[in-house]
């Protein structure tokens, strides 16, 4: 029972944290380029984790490093930049909506590639959640016809990367503690992020700008909470639940991200509200397993 309750606590915390990450990316892009935002997000997260838990690196064996390397790039490195580029053209709430197809991809990849069993109720929950997300997308296109939805493809790519990463962690890194896994991830992508930031044409003189200072502050919050701490929580959630349930956080965090979008002046219709309720129903079904 405690294990069941814990997974719902982790889901709620991640929904709040990651639901707020999209608006933080949007605010960070006001004074920073996508390359600068993505690299700083990784650099701040790496420093936070490695300064506190650097000794965990020595507990990782050679075989584990192979999968940590793959997981780090597909689950943390590439998405940090893809989301930044995507939100230069689409609203933060739209990015969150498109990201909600992760559970569907997780289920498909888990069954086809990793031979992970899923129940009929989980299939039904993901299907219903996907319908809700689709309705949200259609509504978003109708009320925001001026947005460039070609950039939405970057978010869809991220959804496949996240789905693949969830299954890799569940199959090959299940035994590793959530903190150690996060430390391993960021120890791998720390140096590449520094290299990208170096070539991102950021100038020290830019720090005199209040706009740049505020953007860096938003990225710092994004890195500490939505990347470093959230990564640990998510790794733990994967370990105590199913891959599909863990990835269903992309549904529940929609509510938070949409609320932030409304506060920031983004449009939101009654049809999107109804679609969100459909998504919540999908989450409830996704969390259940068949008795057999």
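Does residue 225 meet the test of being surrounded by fewer than 24 Cβ atoms within 10 Å (Cβ to Cβ), more than 14 Å from residue 96 (Cβ to Cβ) and either within 18 Å of the chain's Cα centre (by Cα) or at pLDDT 80 or above (or both)? When the stated conditions are applied, residue 225 passes them.
The number of residues in segment 256-275 that are in contact with a helix residue (DSSP H, G or I) (Cβ under 6 Å, 6 or more places away or on another chain) and assigned to a helix (DSSP H, G or I) comes to 8.
Cβ-Cβ distances below 9 Å connect the following pairs, each with a first residue in segment 59-71 that is without any contact (Cβ under 8 Å) to a residue 24 or more places away in the chain, a second residue that is surrounded by 14 or more Cβ atoms within 10 Å (Cβ to Cβ) and part of a helix (DSSP H, G or I), and a separation of six or more residues or different chains: 63/172; 66/172. May I ask you to verify whether residue 219 is part of a helix (DSSP H, G or I) and crowded, with 24+ Cβ neighbours inside 10 Å? The answer is yes for residue 219. Taking the criterion of being under 22 Å from the mean Cα position of the chain (by Cα) and crowded, with 17+ Cβ neighbours inside 10 Å, the residues of segment 51-73 that qualify are 67, 68, 71, 72, 73. I need a count of the residues in segment 133-162 that are farther than 16 Å from residue 231 by Cβ and under 19 Å from the mean Cα position of the chain (by Cα). The total comes to 13. Only one entry in 93, 20, 39 is modelled with pLDDT under 90, farther than 22 Å from residue 164 by Cβ and in a helix (DSSP H, G or I), namely 93. Every condition in (1) modelled with pLDDT under 85; (2) within 13 Å of the chain's Cα centre (by Cα); (3) closer than 23 Å to residue 27 by Cβ is met by residue 77 except one, and the failing one is (1).
The number of residues in segment 76-89 that are within 10 Å of residue 152 (Cβ to Cβ) and either surrounded by 24 or more Cβ atoms within 10 Å (Cβ to Cβ) or free of Cβ contacts under 8 Å to residues at least 24 places away in the same chain (or both) comes to 1. Scanning segment 173-196 for residues that are modelled with pLDDT under 90 and in a helix (DSSP H, G or I) yields 178, 179. The set of residues in segment 109-123 that are exposed (fewer than 15 other Cβ atoms within 10 Å of the Cβ) and on the phi < 0 side of the Ramachandran plot comprises 112, 113, 117, 120. Of all residues in segment 237-255, those satisfying the criterion of being farther than 15 Å from residue 100 by Cβ and in a helix (DSSP H, G or I) are 237, 238, 239, 240, 243.
Would you call residue 289 in a helix (DSSP H, G or I) and either surrounded by fewer than 19 Cβ atoms within 10 Å (Cβ to Cβ) or at pLDDT below 85 (or both)? Judged against the criteria, residue 289 is not a match.
The values are calculated or read from the model by the stated rules, or taken from the named source; none is laboratory data. Here the structure is a predicted model, which means the values were calculated and not measured. Note that each Cβ is placed from the backbone with ideal geometry, even for glycine, and that neighbours are counted across all protein chains shown.
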